[in-house]
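The structure appears right after this line, and notes come after that.
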Amino acid sequence: MIKRLLLGAGALLLVLAAAAAFVCLPKFTSRADSYVCLPASSPTDSLYAQLDTLSSGFRPKAFRMLAKAARLKSVPAGRYRVDGLSTLSLLRKLRNGQQDPMRYNIPVVWTPEQLAARLARAFSSDSAQFAATFHDTALCRELGFEPTEIFCHIPADTYEFYWTTKPQDFLKRMAKENTKYWNDERKAKAEKAGLTPTEVVTLASIVERETANNAEKPTIAGLYLNRIKRGMKLQADPTVKFAVGDFALRRIRHSHLMTPSPYNTYKVEGLPPGPISLPSKQSIEAVLNYKPSDYLFMCAKEDFSGTHNFAATGAEHAKNARKYIDALNARGIK
């Protein structure tokens, strides 16, 4: 009798062990880098739905049974990588809120609203929340700048964030990164160029929109510094696009040049009150390491290569401008 009981107990243990192995040991099979994104206090049904779409090998009944036994009723907000985990490891990760960081590259954009829209695609907060933060005067001043200077304090680079990072925390993080970026060496270069760090970024934003050719950027930066030193208006076409609010303009006309705006450098002297764009680090470094020259004028090349013809005199510039205008007319660009 005892022997039979022992054999029965052993068989039961084997069954339980097999059941446990079935539930806990298999890997969650999905494509590499698979994630579930869960907003605050997500019910488990939302979790199950996402898991089910990610893996054809997912056993929802087994996972539900294990989750119920663990009394999992909701999952902390977060972005969780789920591929390659056993069912039990996946459950523990979600229950403990062990979300995974993501790498995000700050994009080069024209306006804070455009940046807010891009960030909303990658973070849990929406674009309205990011935009409101970027225009929050009290918060910006707490961090040491005005909202018009916000792009001077968001260095375009790649960083690690959590999906649930709030807009206020995002901006505070960027302000810290900007402080680290402006080390003594860069501050000294800015001073040598006769600029403050804010003015460097403002000029870099113009250089950014003048060309996508990084090799040309130090020459363009040097040209604008020459104009500043001589007391000449910058007359930078990208500032006109910003003033008009039409970033797709291909041909700047006289009516555009007359647009009243502190950002229109055809109307006002010196730099605009803040950046017209979020510049790349290449453009900032181009200003800090500008190329000395006698150039005072530039005009897009007539081959539409995105590069420029440079000139030291008005007569040379007039010839370059004529070639470009003729090319525009030939292509019917208005």
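Which residues' amide hydrogens lie under 5 Å from the amide hydrogen of VAL75, considering only partners 5 or more residues apart or on another chain, with H built in the peptide plane?
SER42
Could you tell me, in Å, what Rg and Dmax come out for the Cα atoms of the range 102-181?
11.3, 29
Quote to one decimal, in nm, the extra length available between ALA40 and PHE247 on full extension: 0.36 nm per residue of separation minus the C-alpha distance between them. Don't skip to the answer; put the middle values down first.
Details: separation 207, 0.36 × 207 = 74.52 nm, distance 3.71 nm.
Once the chain is fully extended between ALA40 and PHE247, it gains 70.8 nm.
Would you mind checking the pairs LYS187/LYS323; LYS180/LYS301; LYS241/LYS323 and listing those with alpha carbons more than 30 angstrom apart?
On the way: LYS187/LYS323 40 Å; LYS180/LYS301 38 Å; LYS241/LYS323 22 Å.
Over 30 Å Cα-Cα: LYS187/LYS323; LYS180/LYS301.
Points 7 angstrom from Cα along the Cβ direction at ASN329 and SER293: gap in nanometres?
2.7
Compute the FRET efficiency between LYS176 and ALA138 as 1/(1 + (r/R0)^6), taking r as their Cβ-Cβ distance and R0 = 22 Å, and round to the nearest 0.05.
On the way: r = 18 Å, r/R0 = 0.84.
Efficiency computed from Cβ-Cβ geometry: 0.75.
Using the Cα centre of the chain as origin and beta-carbon charges of +1 (Lys, Arg) and -1 (Asp, Glu), tell me which of ILE333, VAL108, CYS152 is placed farthest towards the positive end of the dipole.
In the chain, that residue is VAL108.
Give me the dipole magnitude in Debye, nearest 20, for the range 184-293 about the Cα centre, with unit charges on the beta carbon: positive for Lys and Arg, negative for Asp and Glu. Spell out each step's value before the answer.
Details: 17 positive and 11 negative charges, 61 e Å.
Here the size comes out at about 300 debye.
So how strong a dipole does the range 75-215 carry about its Cα centre when Lys and Arg Cβ are +1 and Asp and Glu Cβ are -1, to the nearest 20 debye?
Details: 19 positive and 18 negative charges, 137 e Å.
Charge dipole, the range 75-215, about its Cα centre: 660 debye, nearest 20.
Less than 17 Å apart at the alpha-carbon level, and either on another chain or at least 8 residues along: which lysines does that give for LYS68?
LYS93
Among 249-260, 169-180, how do they line up by average Cβ neighbours within 10 Å per residue, starting with the highest? Each step should come with its number before you reach the end.
Numbers: 249-260: 12.1, 169-180: 15.8.
Result, highest mean Cβ count within 10 Å first: 169-180, 249-260.
Step through the residues of the range 235-241 one at a time and calculate ³J(HN,Hα) from phi using the Karplus curve (6.51 cos²θ - 1.76 cosθ + 1.60, θ = phi - 60°), rounding each to whole Hz and writing x for Gly and Pro.
Once θ is set to phi - 60°, the couplings for the range 235-241 become 6, 9, 4, x, 5, 5, 4 Hz.
Assuming R0 = 41 Å, can you tell me the calculated FRET efficiency for the pair GLU316 and GLU146, based on Cβ-Cβ distance, to the nearest 0.05?
After rounding, the FRET efficiency stands at 0.55.
Roughly how many Å is it from the Cα centre of the range 262-334 to that of the range 200-233, as a whole number?
Here the answer is 8 Å between Cα centres.
Taking a virtual spin label 7 Å from the Cα of GLN235 along the C-beta vector, which residues in the range 255-278 bring their backbone nitrogen under 17 Å of it?
So the set is 255-259, 264-272.
Please list, ordered by chain and number, the residues whose modelled amide H lies under 5 Å from the amide H of SER34; skip anything fewer than 5 residues away on the same chain.
For SER34, whose amide H was placed from the backbone, the distant partners under 5 Å are VAL82, ASP83.
Name the residue farthest towards the positive end of the dipole of the range 102-181 from the options PHE161, HIS135, LEU119, assuming +1 on Cβ of Lys and Arg, -1 on Cβ of Asp and Glu, about the Cα centre.
PHE161
Using only the alpha-carbon atoms, how far is helix 2-24 inclined from the longest principal axis of the chain? Give it as 0 to 90 degrees, nearest 10.
Roughly 10 degrees between the two axes.
Provide the per-residue ³J(HN,Hα) series for the range 321-329, in order, calculated from phi with Karplus coefficients 6.51, -1.76, 1.60 and θ = phi - 60°, each as a whole number of Hz, with x at glycine and proline positions.
Per residue, the Karplus-derived 3J(HN,Hα) values read 5, 4, 4, 5, 4, 4, 5, 4, 4 Hz.
Could you check which residue among ASP33, ASP136, ASP157 shows the biggest mean-square fluctuation in a GNM of the chain with a 10 Å Cα cutoff?
Ranking ASP33, ASP136, ASP157 by mean-square fluctuation puts ASP33 first.
Points 7 angstrom from Cα along the Cβ direction at TYR162 and ALA49: gap in nanometres?
Those two pseudo-labels are separated by 2.4 nm.
For the chain, with only Lys/Arg (+1) and Asp/Glu (-1) charged at the beta-carbon, what is the dipole magnitude about the Cα centre, in debye rounded to 20?
Once rounded to the nearest 20, the dipole reads 1300 debye.
Can you list, bin by bin at 10 Å, the percent of alpha carbon pairs in the chain, starting at 0?
Per 10 Å bin, starting at zero, the Cα-Cα P(r) for the chain comes out as 5, 20, 22, 16, 13, 10, 7, 3, 2, 1, 0, 0 percent.
Amide H neighbours of ALA156 under 5 Å, at least 5 residues apart or on other chains, H built in the peptide plane: list them.
HN-HN under 5 Å from ALA156: LYS281.
Output ³J(HN,Hα) for the range 296-309: one whole-Hz value per residue in order, computed from phi by the Karplus curve 6.51 cos²θ - 1.76 cosθ + 1.60 with θ = phi - 60°, and x for Gly and Pro.
Along the range 296-309, the couplings run 10, 9, 8, 8, 4, 5, 5, 8, 6, 7, x, 9, 10, 9 Hz.
Towards the positive end of the charge dipole of the range 223-307, with charges on Cβ (+1 Lys, Arg; -1 Asp, Glu), say which of ALA286, PHE304, GLY274 has the farthest Cα.
So the residue we want is GLY274.
Each reported figure results from applying straightforward, stated rules to the coordinates on display, with no laboratory input. Computed from a predicted model, the values in this text were never measured in an experiment. Positions of Cβ are backbone-derived with ideal geometry, glycine not excepted, and every protein chain shown enters the neighbour counts.
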